[in-house]
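Written out below as structure tokens is the structure these notes cover.
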Amino acid sequence: MNDLDEACRKAGLTWIYRDGAGRMQEAPEDSRRAVLAALGHGNRDAALPEDLRHATSLVIAAGAPKDWGPGSWVITTEDGGEIRGEGPLPPLPMGYHRIAHNGWTVHLLAAPPAIPAPPRRWGLTVPLFALWEGAQAGMGTYRQLGTLAEGIARHGAAFLGINPIHAGFPTDPGNYSPYAPSHRRRLNTLHIDTGQPLPETGPLIDYARTIRAQRAALEEAYANHRPDPAFEEWRGEGGHALEEFATHQALSEVHGGYWGSWPAPYQNPKSAQVQTFARERWQRVRFHAWAQWMAERQLSDSQARARAAGMPFGLYLDIAVGTHPHGAETWAERRNFAQGVSLGAPPDLLGPSGQRWGLAPLRPDVLRATGYAAFAQTLRQQLRFCGLLRIDHILGLERSFWLPDGLPGLYVTMPRDELLAVLRIEATRAGAHVIGEDLGTIPDGLRAALSDSGVMGCRVAMFERHWDTDGRFLTPDEYTPAALASWSTHDLPTWEGWRQQRDIDWRVQLGEVEDESAARAARTADVTAFDAVAGGTTLDCMHRFVARTASSLVAVQGEDLAGAVEQCNLPGTMFEHPNWRRRLPLPLSGLISAPSLEQTGVLMTEAGRNG
């Protein structure tokens, strides 16, 4: 083993791996050196700050004593209390504590053993932006979530799932993917209901027109709002982190959405120039704080309406796997993220050409040295508004695929057990359940670790087959109990689109299908095979099939109930396909009154999923 191999091994890099297509890959030396540099090896700019070099984290069982080494120690509990002693540690309550020992700070993650399993239920998932009523204008709103939740609750639905609603880039109408956010702890203000009409743009959202109109409506609402002590109290509770975000948004109005292209003094949130800007533009900073308050109020109200309608979980929210490298989150928390690399995925069934997501990865060494504070805060913020939480690409808790700029990628090992401990703490505190999107190239042992922690997986019916034998589709009783089962996802074809081979049409158009005849013949055979196991060719047959699966939760897609053919997103594309722009074929009221929804509720009741 040479010096480079040894450095890679110590840093937890895996540069020789098998991709999702079963092919062996080996990242070149340039890729390995670039990833090492992003982790601070031989790179002074990325090296751990002095205050983090003698800090680490450790998972302990909440409420149980813990053996400890010799020497005296001092524990600072999460509530600020202090415990001094030596020898074994006393039982500590669930939460985050610190122990000072022999010159080191150890963050103690006192976690419960597992998140409790949910009851057998079903719900609906829908892209929030795709909702509309009356005119095909604007984007779906937070208030419409409450209306839809009340409508589907009458049929026994236990949850309503949506795409990520993190803060985006309102100054860049070309960057609207919900999975490439500016900040994952702030909300997308495009979904605020201002009560003002927005321009019609037809079946596809025109983000340039919509963003301009929504901003004007928000500005008018802000100008006309009456002083509210509740807003001032909320803003005070948000503290420095909220003010930094609002300042970033105000700066974006002047210098553009991406801080990497700002004048150098404004790239540092602590600079004197930034502080002066915030004082001089205090009204703009206040506007952006107010917009966040409005978004939180409307989202919280929709969750309350869902629960009041009888939904045991209410909203089912989604956390994106990463954040934009030059958005608000990385501007404020630069040291948490690796620079010069992007998250992505090697080639697999979802992305035949592999994927470079353009997202900044969290650094495992910084996470461990800071007690996973950033990860915990991101979870906590989402869990304020939901009873179910989806973790996008949860494979990243085991290992993340990093692609240096202009180079092939490789895997970086992540502190899985510690990340899962934080997830258990936050979900237990919120009384919520967690679903991990475990699709793609799955590391050995990950699904078992997730199951042990009470984190459910995803089981997508079109992929649930006996791949290691004859390729038969699984029967309902063969599904994993600790999972959410569905027909498809936002990255895959709808029920009708799959049957009509629309995804193959798109891939052929993009030049990604080597043998079109073989691909179409294979799909025809797949449709025939699934129809046989589902007992028919209709949407009801498919929904009856997923309703009968052994999985605890089942998600029905709003696109299928509305008769949509085209899928929401085509992985590996940006503008070649109208990703994140398609509205549902039916208005909100039409979806709520659709016979397909009523019939689905009946099927779920017959399968014992309505309580």
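The values are calculated or read from the model by the stated rules, or taken from the named source; none is laboratory data. Model, not experiment: these values are computed from the prediction. Glycine gets a Cβ as well: all are built from the backbone with ideal geometry, and neighbour counts include every protein chain shown. Ligands, DNA and RNA are excluded from the accessible area calculation, which covers all protein heavy atoms including side chains. Shrake-Rupley method; radii C 1.70, N 1.55, O 1.52, S 1.80 Å.
Six or more apart or on different chains, Cβ under 7 Å: which pairs go from a residue in region 96-111 that's assigned to a loop (DSSP other than H, G, I, E, B) to one that's surrounded by fewer than 17 Cβ atoms within 10 Å (Cβ to Cβ)? Could you list them? Pairs found: 102/71; 103/54. If you go through region 415-436, how many residues are assigned to a loop (DSSP other than H, G, I, E, B), within 30 Å of residue 10 (Cα to Cα) and either open to solvent by 20 Å² or more (accessible area, probe 1.4 Å) or among the polar types (S, T, N, Q) (or both)? Number of matching residues: 0.
Return yes when residue 566 is part of a helix (DSSP H, G or I), under 23 Å from residue 137 (Cβ atoms), among the acidic types (Asp, Glu) and open to solvent by 10 Å² or more (accessible area, probe 1.4 Å) and no when it is not.
In short, no.
Give the residue that is surrounded by the most Cβ atoms within 10 Å (Cβ to Cβ), with candidates limited to residues of region 250-264 that are closer than 13 Å to residue 169 by Cβ and aromatic (Phe, Trp, Tyr). Filtering first and then ranking leaves 259. Taken together, 146, 174 contain a single residue that is out of contact with any strand residue (DSSP E or B) (no Cβ under 8 Å at 6 or more places or on another chain) and open to solvent by less than 10 Å² (accessible area, probe 1.4 Å), which is 146.
Every residue, every condition in (1) closer than 29 Å to residue 192 by Cβ; (2) surrounded by fewer than 24 Cβ atoms within 10 Å (Cβ to Cβ), yes or no:
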site: 105; (1), (2): no, yes
site: 111; (1), (2): no, no
site: 115; (1), (2): no, yes
site: 118; (1), (2): no, yes
site: 123; (1), (2): yes, no
site: 126; (1), (2): yes, no
site: 133; (1), (2): yes, yes
site: 142; (1), (2): yes, no
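In this structure, does residue 157 turn out to be over 30 Å from residue 359 (Cα atoms), among the small types (Gly, Ala, Ser), in a strand (DSSP E or B) and more than 21 Å from the chain's Cα centre (by Cα)? Spelling it out, it is not the case that residue 157 is over 30 Å from residue 359 (Cα atoms), among the small types (Gly, Ala, Ser), in a strand (DSSP E or B) and more than 21 Å from the chain's Cα centre (by Cα).
Filtering 247, 194, 210 for residues that are touching a helix residue (DSSP H, G or I) at 6+ places or on another chain (Cβ under 6 Å), assigned to a helix (DSSP H, G or I), surrounded by 17 or more Cβ atoms within 10 Å (Cβ to Cβ) and not hydrophobic (A, V, I, L, M, F, W, C) leaves a single hit, 247. Screening residue 486 with (1) closer than 30 Å to residue 117 by Cα; (2) out of contact with any Phe, Trp or Tyr (no Cβ under 7 Å at 6 or more places or on another chain); (3) open to solvent by 40 Å² or more (accessible area, probe 1.4 Å) gives one miss only, at (3). Can you tell me which residue among 204, 187 is open to solvent by 40 Å² or more (accessible area, probe 1.4 Å), in contact (Cβ under 8 Å) with a residue 12 or more places away in the chain and not hydroxyl-bearing (Ser, Thr, Tyr)? The match here is 204.
Quick check on residue 546: is it within 21 Å of the chain's Cα centre (by Cα), outside any loop (DSSP other than H, G, I, E, B) and over 24 Å from residue 181 (Cα atoms)? In short, no. Residue 351 - would you say it is modelled with pLDDT under 95 and not in a loop (DSSP other than H, G, I, E, B)? Judged against the criteria, residue 351 is not a match. Taking the listed residues 382, 377, the one that is modelled with pLDDT of 95 or more and open to solvent by 30 Å² or more (accessible area, probe 1.4 Å) is 377, with no other qualifying. Considering region 459-470, the residues that are touching a residue at least 24 places away in the same chain (Cβ under 8 Å) and open to solvent by less than 40 Å² (accessible area, probe 1.4 Å) include one that is farthest from residue 525 (Cα to Cα), namely 459.
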